[in-house]
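To start, the structure under review is shown below, and the notes come after it.
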Amino acid sequence: MRMRTGTVPGCPIVLELLWLLLPVAAASGWWAGRRTARKPERGAGGSNRPPSEYFRGLNYLLNEQQDEAIEVFIRLVEVDSDTIETHLALGSLFRRRGEVDRAIRLHQNLIARPNLSKNNRSFALLELARDYMRAGVLDRAEGLFTELLRNRTHVVEASRQLLRIYEREREWHAAIETARKLQRRGGQSMGNVIAHYWCELADAERRAGNPKAARNFATRALSADPQSVRASILEGDLAMEEGRYRQALRAYRRVESQDPAFLPEVIDRLLDALERAENPAALAAYIDQLRGRYNGFSVIQAATRLIREREGESAAREFLREQVVRRPSLRGLREWVACELDNASDRSRPGTQVVLDMLDQLLETKPIYNCQQCGHEGKILHWQCPSCREWNTVKPIIGIEGE
C-alpha cells in the first residue's frame with residue numbers, strides 16, 4: 001500500500017491525530033517487542049504480530065483513514081500490566097474526539113479484567129467517570145466519582161468533578177459539603193465558591209417568598225467569604241425590600257471595599273437607599289467622595305443628576321462636558337449628546353439626533369461585562385461564567401467602551 005504525499009484536505013486534523021497516536025504506536029511496539037523477547041514464538045497461530053502492523057497503522061493515519069488506524073493499534077495492544085497505560089491513552093483520545101461510546105466500551109472492558117491491579121482499576125474508573133461526564137450521564141459519573149472517594153483514590157480530581165455535577169444539577173447543599181471536603185483535602189481555599197453556593201440558595205428562597213431564610217443564607221455566604229460582593233448586594237436588596245434602608249446602605253457601601261469594579265452594580269441602589277433614608281446631605285457628600293476615588297461613568301452620571309437637581313440644567317451640562325473630556329467613554333459621550341439634544345435649537349436638533357441614534361446603535365452592540373479568565377463577553381452579569389464555568393471572573397468592562 002502506497003502512502004499519499006502532497007497536500008490533502010483536512011491535513012491539520014490528520015497531523016494532529018498523527019502526533020497523538022505516534023506515541024501510542026511507539027509504546028505499543030516497544031511493549032510488543034518486550035513480550036516477544038520474553039515469550040517463545042508459537043508459530044503461525046501464536047500471539048506475536050509482525051512489525052508490518054505498525055506501519056499499516058501509520059499508513060492509515062497518513063491516508064486519513066483514522067478509524068482503521070485506531071483499530072490496528074487496538075488489535076496490537078494486549079491488556080496486561082505493560083499495556084494498561086496505552087489503553088487509557090486510547091480511551092482518552094476517543095473522548096477528546098467525541099467518540100464517547102468507544103471510550104466507554106474500552107474503559108468498561110478494562111475494569112472487567114479480573115487480573116487488573118487495584119491502582120490500574122482506579123485509573124480506569126476515573127477515565128470511565130470522565131467518559132460519562134462527557135456523555136452527560138451524570139448519575140453514573142457521580143456514582144463512579146463517589147466510589148473513588150470511598151476508595152480514597154484520585155480524591156482531589158473526583159471531588160472537583162463532583163462539584164461540577166452538583167453545580168449543573170443545582171444541588172447546592174451537596175456542593176457546599178463537597179467544596180468543604182475539597183478544601184481540607186486539596187489545601188486550597190474554596191471560601192469564595194462556597195459563598196456563591198450559599199447565595200444561590202438565598203436567591204432561591206427570595207424567589208420563593210422566604211426572606212428570613214434568604215437573609216440567613218446571605219449571612220452564611222459572607223461568613224464563608226467576607227469579600228463576597230454578591231452576598232453584600234443580596235443582603236442590601238433584601239433590606240431594601242423590607243424597608244430597612246440603613247442596613248441596605250451598609251451592605252451596598254461594603255461593595256466598594258470588597259471590589260470597586262462592581263460599584264456600577266450598586267450605585268443606583270445606593271442612591272435610592274440614601275434618598276429613602278431622607279439624608280440628602282449624606283447623599284451629596286458620598287457622591288463627592290466617590291468622584292475622588294472612582295473614575296467610572298456610573299458615578300459621573302449620578303453626580304450629574306445631583307448637580308441638575310441642586311444647580312440646574314446648565315451647570316449639569318457643563319459638568320458632564322468636562323467629565324467627558326477628562327474621562328472619555330462612549331457612554332459618557334452618549335449622555336452628553338442626549339443633554340445637548342434636550343437644549344438644541346431647531347436648526348441643530350436633526351444633526352444631534354442623528355449622532356445620538358448612531359451612539360445608541362453602537363452601544364447596543366457593545367458588551368458590558370467580560371470574563372477575566374476566558375474573555376467571554378455579554379450584557380448580563382453572570383456570577384459564574386457561562387463559558388469557562390469559573391466563579392468570580394465576570395466583571396464590568398472598564399475603559400472607553402465600558403464603564
(message) Using a 7 Å offset from the Cα along the Cα-to-Cβ direction at both residue 343 and residue 366, what is the distance between the two label points in nm, to one decimal?
(response) 2.3
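So which GluC sites (Glu not before Pro) in segment 196-255 end up in coil per DSSP with only 16 or fewer other C-beta atoms within 10 Å?
Working: sites: 200, 205, 235, 241, 242; in loops: 242.
Filter output for segment 196-255: 242.
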(request) Determine, for each peptide in 365-378, 342-355, the mean count of other beta carbons within 10 angstrom over its residues, then list the peptides with the highest first. (result) 365-378, 342-355
(request) Pop the C-beta distance of residue 147 and residue 96 into the FRET formula with R0 = 30 Å and round what comes out to the nearest 0.05. (result) 0.80
(request) Using the Karplus curve 6.51 cos²θ - 1.76 cosθ + 1.60 with θ = phi - 60°, work out ³J(HN,Hα) for each residue of segment 214-221 in order, rounded to whole Hz, and write x for Gly and Pro. (result) 4, 4, 4, 5, 5, 5, 5, 5
(message) What does the extension gain come out to for residue 284 and residue 321, with contour length at 0.36 nm per residue minus their alpha carbon separation?
(response) 11.3 nm
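Throughout, read-outs are computed from the coordinates displayed, never taken from laboratory work. Predicted model only: the values in this text are computed from it and were never measured. Cβ atoms come from the backbone with ideal geometry, glycine included; neighbour counts cover every protein chain shown.
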